[in-house]
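Read the structure below first, then the notes.
The values are calculated or read from the model by the stated rules, or taken from the named source; none is laboratory data. Bear in mind that the values here come from a model prediction, so they are computed numbers and not experimental data. Positions of Cβ are generated from backbone atoms using ideal geometry, with glycine treated the same way; all protein chains shown enter the neighbour counts. These accessible areas exclude ligands, DNA and RNA; they are computed on the full protein's heavy atoms, side chains included. Shrake-Rupley method; radii C 1.70, N 1.55, O 1.52, S 1.80 Å.
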Amino acid sequence: MLLEEIILDMKSNLEDQNQKVKLSEDLRSKLKASNETLNNSIFNLNCDIFEELYSKK
């Protein structure tokens with residue numbers, strides 16, 4: 001019985017760890033997408049500022 005309890009406990013821990021890894025991978029992909037969006041927004045803003053500054057000259 002003790003060995004069975006240890007195995008079940010280890011299985012539960014493994015399932016918990018797998019869930020954390022999945023969440024970590026999901027978070028990583030969301031952060032990557034957010035970073036790309038932010039980079040594009042910053043680039044476009046810089047282009048707008050550049051055009052505004054040099055269109056006045």
**Q.** Failed condition for LYS30, given (1) more than 29 Å from the chain's Cα centre (by Cα); (2) open to solvent by 100 Å² or more (accessible area, probe 1.4 Å)
**A.** (1)
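When you look at ASP48, is it without any contact (Cβ under 8 Å) to a residue 24 or more places away in the chain and under 11 Å from the mean Cα position of the chain (by Cα), yes or no? Let's see the steps before the verdict.
On the way: without any contact (Cβ under 8 Å) to a residue 24 or more places away in the chain: yes; under 11 Å from the mean Cα position of the chain (by Cα): no.
Taking the combined requirement at face value, the residue does not satisfy it.
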Q: Could you grab me the full set of residues in region 38-57 that are exposed (fewer than 10 other Cβ atoms within 10 Å of the Cβ) and assigned to a helix (DSSP H, G or I)?
A: GLU52, LEU53, TYR54, SER55
